[in-house]
Amino acid sequence: MKPDAPATRRNRDAILTVLKTEFVDATSVLEIGSGTGQHAVYFGGAMPNLEWQTSDRSENHEGISLWLADKKLSNVKPPLTLDVTTTNRVSASYDAIFSANTAHIMSFSAVKKMFRLIGETLQAHGVFCLYGPFNVGGKFTSKSNEEFNQMLKRQNPEMGIRDLETLNELALENGLIVGNRYAMPANNMIVIWRQGARG
C-alpha cells in the first residue's frame with residue numbers, strides 16, 4: 001500500500017503556485033527528502049516540462065517508488081539515495097532544488113551539510129526552494145509553531161524550527177543569494193535562495 005501523508009494534500013496547491021513562478025526557467029529539479037513521493041508526483045504532473053529527481057534515505061525509497069509506479073510520469077525519476085549527513089556529493093547538477101518539511105526535523109549540523117550540498121549542486125543562477133515553518137527575528141511566528149517546536153524537542157532535542165536569519169547566513173556561506181519569501185497556510189513559509197554566477 002502506498003504511504004499517505006495527508007498534509008501534502010493540504011499544502012500542495014499553495015506550494016505549486018510558488019513553484020510555477022520560481023521554477024519558470026528551470027528544466028531539472030532535485031527534491032531533497034521526497035518522503036512519501038506525493039509532492040513529487042503532484043508537482044511533476046503539474047509541470048511536465050521539468051525533470052523531477054526524487055531522493056531520500058534508502059528506507060523511504062519503497063514508498064516513493066509505489067507512488068511513481070501508480071502515476072507513471074515519465075518526467076519524475078526514481079529516487080536517489082541521499083542522506084545529507086553522509087552524502088558528500090551529488091553526481092549531477094540541477095538548476096532547481098526543492099525541499100519540504102526537512103530543516104526542522106534535521107539536526108542543525110545536518111542543516112549546515114544540506115546547505116553545503118545545495119551550494120555545490122545548484123547550477124549558476126539556480127534556485128533553492130525550502131518549505132516549512134521558520135522563526136523570524138529569533139521569534140516564533142505563531143503560538144502553534146511554538147507548540148510544534150516543543151513537541152519536536154521532546155522527540156529529539158536536536159530537532160527544532162530554524163531561525164530564518166541563521167539559514168540566510170548558511171546560504172551566503174555557500175554562494176547562495178537571499179531571494180523571495182512567501183507566506184503559506186498553517187503558519188508555514190516558502191523561502192527562496194539563488195545560486196550566484198560561477199566564474
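A short reminder: the numbers here are calculations on the coordinates, not readings from a lab. In this text the structure is predicted, and so the values were computed from the model without any measurement. No Cβ is skipped: glycine too gets one built from the backbone with ideal geometry, and neighbour counts run over all protein chains shown.
When only the Cβ of Lys, Arg, Asp and Glu is charged (+1, +1, -1, -1), the dipole of the chain relative to its Cα centre reaches about 160 debye.
For the range 89-162, trypsin sites (Lys or Arg not before Pro) are listed when DSSP marks them as loop and at most 12 other Cβ atoms sit within 10 Å of their Cβ; the list is ARG89.
The distance separating the Cα centre of the range 16-34 from that of the range 53-87 comes to 16 Å.
Considering only DSSP beta bridges where both residues belong to the chain, give the percentage that are antiparallel (nearest 5).
Once the DSSP bridges in the chain are tallied, antiparallel ones form about 45 percent.
Over all orientations, the range 1-65 has a Cα convex hull whose mean projected area works out to 4.3 square nanometres. Amide H contacts for GLY179 (H built 1.01 Å from N in the peptide plane; partners 5 or more residues away or on another chain; cut-off under 5 Å): ILE192, TRP193, ARG194.
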